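The values are calculated or read from the model by the stated rules, or taken from the named source; none is laboratory data. Source: prediction; values computed, not measured. A quick note on method: Cβ atoms are made from the backbone with ideal geometry, for glycine too, and the neighbour counts reach across all protein chains shown. Ligands, DNA and RNA are stripped out before the accessible areas are found, and what is left, the full protein with its side chains, is counted by its heavy atoms. Shrake-Rupley method; radii C 1.70, N 1.55, O 1.52, S 1.80 Å.
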Amino acid sequence: MLRKIFLSLFIVLPFAGFCQAKKSYTINGTIKDEKTGEILIGATISLQRQPVLNTLSNAYGFYSLSAEEGSYTMLISFSGFETDSQTVILNGSITINVALKTVAAQLEEVVVSSHKKNENVSRALMGVQKLSTNEIKNIPVLFGEKDVLKTIQLLPGIKSAGEGNSGFFVRGGGADQNLILLDEATVYNASHLLGFFSTFNSDAIKDITVYKGGMPAEYGGRLSSVVDIKTNDGNNQKFGMSGGIGLISSRINVEGPIVKDKGSFDISARRTYADLFLALAKDTSIRNNKLYFYDLNGKANYKLGKKDRLYLSIYNGRDNLGFGSTFSIDYGNTTATLRLNHIFNSRLFSNTSLIYTNYNYKVNINAGNTNLVVTSRIEDMNLKQDLQYYINANNKLSFGAAFIHHTIVPGDVSASQNSSFNSTSLQKKYSLEYAAYVSHEWTVSPKINITYGLRFSGYSVIGPGKFYTYDTSGTVKDSSSYAAGKFVKTYFNAEPRFVTAYKFSESKSLKFSYTRNVQNIHLLSNTTAANPTDLYIGSSNNVKPEIADQVALGYYQNFKDNSYEFSSEIYYKQLQNQIDYVNGAELKANENVESQLLFGKGRAYGLELFFKKKYGKLNGWIGYTLSKAERQFDKINDGNWYNTTQDKTHELSVVSIYQASKKWTFSATFVYNTGNAVTFPSGKYNINGQTYFYYTERNGYRMPAYHRLDLGATWQTKKTTKFESSLSFFIYNAYNRENAYSIDFREVPGNPAKTEAVQTTLFKIVPSISYNFKF
């Protein structure tokens with residue numbers, strides 16, 4: 001029935017929307033920053049008539065707007081820039097490229113949801129929020145490191161994976177159910193130093209968009225969210241340099257023109273230097289340890305002609321942790337994206353991308369005569385084609401296709417000749433993932449906007465390899481061998497997307513969305529947050545694709561000329577083919593790891609409230625989430641529903657930024673959440689003098705409530721036309737709250753009849769300072 005409804009929409013609605021009574025012409029062009037030449041994403045272009053015609057520049061600054069023949073005033077606006085006004089005589093299709101000027105002496109503004117003043121009310125988008133780099137730099141975080149992933153955890157519906165951790169959960173989903181994109185490339189492990197920092201250097205970032213609800217049909221492959229990060233293009237007018245020196249790391253950014261007005265580059269680098277301090281230690285056991293990470297971002301673009309622009313983005317980041325010569329782990333991501341923008345005509349825009357992604361780790365273990373080297377990786381090659389057709393002012397069609405080749409190396413173990421271990425290599429896994437999509441944005445009337453789409457996805461397991469099937473106890477039942485390139489198993493799924501917005505007025509609207517997502521790459525982990533050695537597997541003859549269906553209803557209202565925004569959303573998410581593990585599961589170096597898996601279902605539902613002040617000296621937001629996340633497996637918890645580890649009933653975040661003067665900016669964040677669900681022992685028993693703890697209900701207990709206040713201040717030490725610098729001061733956990741990272745149970749020394757709980761706290765009060773410069 002659902003498929004019939006969507007098929008009817010695709011057949012009937014486009015024809016209803018595309019009909020035009022009079023001849024129209026098209027205005028198209030690119031919006032950029034006059035000072036740097038950076039393209040501006042999400043700039044608003046309006047033709048002043050009744051009703052007003054609006055559109056937004058896309059991810060590459062391109063816009064297209066059609067109207068009937070006549071004379072118009074065209075307004076182009078973007079937050080932090082002066083509004084440009086032009087008189088347009090429309091008697092034929094024309095191209096108008098616009099360079100906006102920055103607003104002089106403007107106080108910093110927090111812009112979370114949009115650049116258009118009432119876009120949050122009028123557009124058919126739900127659960128979508130944008131973050132500005134100005135906002136990220138002012139929000140206090142652990143060790144003073146600007147961190148986009150920790151900043152998004154302050155938004156409703158997005159929960160932290162733990163104290164100081166950059167991992168996150170969205171609307172009851174798992175950590176691996178978030179699609180994190182860096183210039184269109186998938187980043188599989190987006191954290192450094194075991195999760196305490198994210199892989200993203202904020203100096204390199206231009207735009208961040210978070211989708212946690214009705215995501216457009218162009219996105220797929222994950223169940224819960226999309227974090228779409230785009231990096232700076234670079235200044236095509238003049239050379240510049242910026243950077244910073246902090247307690248933990250230093251960073252530098254260099255940008256400039258390749259050819260003025262035609263091409264530019266931007267290179268950013270960041271490195272921690274804890275290892276440099278370790279080298280000063282007198283104790284050899286400390287001096288020989290390794291503890292550092294680095295990031296390197298590079299991007300270049302060049303205008304090939306009036307209709308073509310080429311982009312190249314590269315990222316490489318690695319961690320190196322080691323304890324003398326005994327143990328070390330080296331892990332990281334490498335991505336590369338080559339993109340070609342082409343304008344076929346005033347209404348049709350194309351982006352073709354060739355994308356490479358590689359996440360890998362290497363573990364060295366030296367113990368006596370034993371030397372083990374364990375390596376693993378997941379590697380993708382992705383060819384993607386996206387097109388946008390601006391049919392008229394009320395209709396925009398997006399469509400495209402993607403083709404991904406996955407290679408998963410579960411683990412290669414190399415042992416020294418005199419070792420008691422044998423060298424082994426687990427079978428490599430190969431698969432093809434492909435998708436085609438179409439999406440239609442339709443302004444039905446001044447009050448009604450609809451965005452609906454359909455994504456067809458497929459996943460094929462291919463040889464070479466030996467493939468097993470298992471019975472209900474996990475014992476091998478059968479096996480088959482396949483040659484290279486032979487298809488083992490294929491899954492096809494349809495993923496409909498639908499969002500509608502009804503405007504009661506220019507400041508009030510009601511929205512509804514339905515989204516289906518499918519996921520074929522799964523992370524196997526026994527820990528709450530991502531671990532660098534976690535194992536990735538694809539769907540197979542035993543593992544079915546994960547599927548999530550989500551419905552949401554939201555009310556949106558702006559106040560005082562759009563200076564204040566309020567939104568409330570309720571959602572319900574149903575999940576199929578969720579993965580858990582049998583008791584005592586062995587996930588590492590196991591050729592039959594799929595025999596250790598259990599499959600069940602899940603559900604998540606909740607209420608999200610968001611209130612934001614966008615302009616003025618004092619701005620910020622308050623977010624609140626009331627939610628529930630549960631799973632059900634036949635062989636876990638006696639088949640009863642149980643709370644997921646990330647289930648937190650209440651979550652509150654308060655963010656404020658105060659521009660006291662041109663010299664001083666103060667900021668503060670307060671967070672509170674119910675303790676996450678955990679499994680604690682319900683009793684204990686003794687066998688032959690050995691005490692064993694007895695466990696009953698899965699995740700039937702709670703950690704203590706978590707709350708924390710962070711403070712920050714930035715002093716603009718110098719600012720001229722050629723150079724500016726600042727000092728940033730941050731205090732993490734200002735009132736020294738001892739939040740529980742973990743709680744363990746043990747016998748009371750000297751009295752084994754009694755048991756005590758021992759709490760571990762990672763961070764108390766943590767001050768930090770950093771120096772930032774730009775010239």
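For segment 463-533, what is the convex hull volume of the alpha-carbon atoms per residue, in Å³? Provide the component values of the computation, followed by the final result.
Values: hull volume 16.7 nm³, N = 71.
About 235 Å³ per residue, rounded to a whole number.
Could you tell me the center-to-center distance, by alpha carbons, between segment 126-195 and segment 680-740 in angstrom?
Cα centroid to Cα centroid, the span is 16 Å.
In debye, nearest 20, what is the charge dipole magnitude of the chain about its Cα centre with +1 on Lys and Arg Cβ and -1 on Asp and Glu Cβ, if you could check?
Values: 83 positive and 64 negative charges, 294 e Å.
Around 1420 debye, computed over the chain.
Which residue, 472, 499, 459, has the largest displacement toward the positive end of the dipole of segment 419-529 when charges sit on each Cβ (Lys, Arg +1; Asp, Glu -1)?
499
Counting only heavy atoms of the protein chains, get the accessible area per residue of segment 361-421 (1.4 Å probe) and round it to a whole Å² value.
Values: 2730 Å² over 61 residues.
In whole numbers, segment 361-421 has 45 Å² accessible per residue.
I need the chymotrypsin sites (Phe, Trp or Tyr not before Pro) found in segment 662-758, filtered to DSSP loop residues with at most 16 other beta carbons within 10 Å of theirs. List each step's numbers first, then the result.
Numbers: sites: 664, 666, 670, 672, 685, 692, 693, 694, 695, 701, 706, 715, 723, 729, 730, 732, 735, 741, 745; in loops: 695, 723, 735, 741.
Filter output for segment 662-758: 695, 723, 735, 741.
Using +1 at the C-beta of Lys and Arg and -1 at the C-beta of Asp and Glu, which of 443, 268, 541 has the Cα lying farthest in the positive direction of the dipole of the chain?
The one lying farthest along the dipole's positive direction is 443.
Taking every pair of alpha-carbon atoms in segment 183-258, give the share separated by more than 17 Å as a whole percent.
Numbers: 1705 of 2850 pairs.
For segment 183-258, the share of Cα pairs beyond 17 Å comes to 60 percent.
At most 16 other Cβ atoms within 10 Å and a DSSP loop assignment: could you name the GluC sites (Glu not before Pro) in segment 523-617 that fit? Can you show the working numbers first?
Values: sites: 546, 565, 569, 586, 591, 594, 608; in loops: 586, 591.
Taking segment 523-617 and a limit of 16 other Cβ atoms within 10 Å, the loop GluC sites (Glu not before Pro) found are 586, 591.
Under 8 Å for C-alpha pairs, at least 6 residues apart: give me the relative contact order for segment 427-496, rounded to a whole percent. Write down the numbers at each step before the final one.
Details: 134 pairs, mean separation 22.4, N = 70.
Answer for segment 427-496 is 32 percent.
Leaving out ligands and nucleic acids, and using a 1.4 Å probe, what accessible area per residue does segment 423-521 come to in Å²? Let's see the in-between values first.
On the way: 4430 Å² over 99 residues.
Counting only protein heavy atoms, the per-residue value for segment 423-521 is 45 Å².
Would you list, by chain and number, the aspartates and glutamates whose Cα falls below 15 Å from the Cα of residue 508, excluding same-chain residues fewer than 8 positions away?
Leaving aside aspartates and glutamates fewer than 8 places away in the same chain, those within reach of residue 508 are 119, 561, 565, 569.
May I ask you to give the percent of accessible area on the chain that is carbon plus sulfur, with a probe radius of 1.4 Å?
On the way: 18960 of 33210 Å².
Answer for the chain is 57 percent, counting heavy atoms of protein chains only.
Relative contact order for the chain using alpha-carbon pairs under 8 Å, separation at least 6, rounded to a whole percent? Working shown, then result.
Details: 2191 pairs, mean separation 79.9, N = 775.
Relative contact order comes out at 10 percent.
Could you give the size of the charge dipole of segment 32-176 about its Cα centre, using +1 on the Cβ of each K and R and -1 on the Cβ of each D and E, expressed in debye and rounded to the nearest 20? Intermediate values should be presented prior to the final figure.
Numbers: 13 positive and 15 negative charges, 52 e Å.
So the magnitude is around 240 debye.
With a probe of 1.4 Å, find how much accessible area segment 110-250 has per residue, and write the answer as a whole number in Å². Could the numbers behind the result be given before it?
Numbers: 2830 Å² over 141 residues.
Ligands and nucleic acids excluded, the figure is 20 Å² per residue.
So, taking all protein chains as they sit and a 1.4 Å probe, how much accessible area belongs to residue 707, in Å² rounded to tens?
Here the accessible area works out near 50 Å².
Note down the accessible area of residue 744, probe 1.4 Å, to the nearest 10 Å².
Here the accessible area works out near 90 Å².
Which entries in the list 299/362; 238/719; 137/588; 159/429 go over 30 Å, if you measure between the two C-alpha atoms of each? Could the numbers behind the result be given before it?
Details: 299/362 28 Å; 238/719 18 Å; 137/588 39 Å; 159/429 32 Å.
From the list (299/362; 238/719; 137/588; 159/429), the Cα-Cα distance tops 30 Å for 137/588; 159/429.
Can you quote the Å³ per residue value for the convex hull of the Cα atoms in the chain, rounded to an integer? Kindly include the intermediate steps, with their values, before the conclusion.
Numbers: hull volume 142.3 nm³, N = 775.
Hull volume normalised by residue count: 184 Å³.
What does the charge dipole of segment 451-500 about its Cα centre add up to, to the nearest 20 debye, if the Cβ of each Lys and Arg holds +1 and the Cβ of each Asp and Glu holds -1? Intermediate values should be presented prior to the final figure.
Numbers: 6 positive and 3 negative charges, 27 e Å.
The dipole of segment 451-500 has a size of about 120 debye.
Going Cα to Cα from residue 754, which aspartates and glutamates come in below 15 Å? Please leave out same-chain ones fewer than 8 positions away.
Within reach: 744.
Of the GluC sites (Glu not before Pro) in segment 423-525, which ones lie in a loop per DSSP and count no more than 14 other C-beta atoms within 10 Å? Let's see the in-between values first.
Working: sites: 433, 441, 506; in loops: 506.
In loop regions of segment 423-525 (DSSP not H, G, I, E or B), the sparsely surrounded GluC sites (Glu not before Pro) are 506.
So what's segment 144-287 giving for Cα Rg divided by 2.2 N^0.38 Å, two decimals? Present the calculation step by step, with values, prior to reporting the outcome.
Numbers: Rg = 18.0 Å, N = 144, 2.2 N^0.38 = 14.5 Å.
Relative to the 2.2 N^0.38 Å estimate, segment 144-287 comes out at 1.24.
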